[in-house]
Amino acid sequence: MPLEYQHLISNNKRWAALKKSAEPDYFKRLSLAQQPHFLYIGCSDSRMPLDTFTSTEPGELFVHRNIANQVSITDINFLSVLDYAVNVLKVKHIIVCGHYNCGGVAAAYKGQATGLVGNWISPIRDLAKENAKELDSIEDEHLRLNRLSELNVIRQVENLYKTHVVQRALQKCHSDFQIHAWVLDLATGHILELPLPEGLDHRNEKI
Ligand code: CO
């Protein structure tokens, strides 16, 4: 049964009361400042609230979400979030997290999206064409789309590396600054860490 609108308000009252009873100063503390260590770039899909899947609390994830978790280097909204997260909040980790069963990825692959959404996810269509050989070798369509979800995350990490903000952060010897490629398997609830292509994985390098 779909959640009724009024339940959102009553749920909120109950949740706030529970938090306050567990820690009387919780909201006072929360309202003062945020010090998140993580920037989460994810899909707008309603099944992708990463805080739930990682048991993180308000104040711990700085978030940018859009359809099919795109890192679009012409998107002023995204670039502002990235700049603020890295240069002001000084997050230690950027996580690009896609997911299996992504409607945006499937629509791009099948050429089903039109209008603005079609335009937004067209880079995934190009990505599928670039990787046609590998994708065509996967017989099962579900698995093929899941692989495209993985390739999409890796492509977005590559796009991140192209940004001035990330380039500068790496040059500044942020040895503890890391970028991660994740895909969430909604069928199990598990996060899979994807290996980054050679040259991008700076985690073990001294910069
Ligand atoms: Co999605």
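The values are calculated or read from the model by the stated rules, or taken from the named source; none is laboratory data. Since the model is a prediction, treat every value here as computed from it, not as a measurement. Methodologically, a virtual Cβ is constructed for each residue, glycine included, from the backbone with ideal geometry; neighbour enumeration extends over all protein chains shown. Note: accessible area is taken over every heavy atom of the protein model, side chains too, but ligands, DNA and RNA are not part of it. Shrake-Rupley method; radii C 1.70, N 1.55, O 1.52, S 1.80 Å.
How tilted is helix 141-162 with respect to the longest principal axis of the chain? Cα atoms for both, answer in degrees (0 to 90, nearest 10).
Here the helix axis deviates by roughly 80 degrees.
If the cut-off is a Cα-Cα distance under 19 Å, which lysines reach Lys90, setting aside same-chain residues fewer than 8 apart in sequence?
Lys162, Lys172
Carbon and sulfur: what percent of the chain's accessible surface (1.4 Å probe)?
54 percent
With only Lys, Arg, Asp and Glu charged, each at its Cβ (+1 for the first two, -1 for the last two), find how big the charge dipole of the range 107-207 is about the Cα centre; round to the nearest 20 debye.
Around 480 debye, computed over the range 107-207.
Pairing the Cα long axis of helix 5-22 with the longest principal axis of the chain, what angle in degrees results, from 0 to 90 and rounded to the nearest 10?
The helix 5-22 is inclined about 60 degrees to the chain.
For the chain, what is the accessible area per residue in Å² when the probe is 1.4 Å?
Accessible surface, normalised per residue, equals 59 Å².
Which value in deg cm²/dmol, rounded to the nearest 500, describes the helix-derived mean residue ellipticity at 222 nm for the chain, given -39,500 (n - 2.57) per DSSP H run of n ≥ 4 and division by the residue count?
-13500 deg cm²/dmol
Out of Asn152, Gly98, Pro2, whose Cα points farthest toward the positive end of the dipole of the chain (charges: +1 Lys, Arg; -1 Asp, Glu; placed on Cβ)?
Pro2
At a 1.4 Å probe radius, which order do Arg65, Arg14 fall into by accessible area, largest first?
Arg14, Arg65
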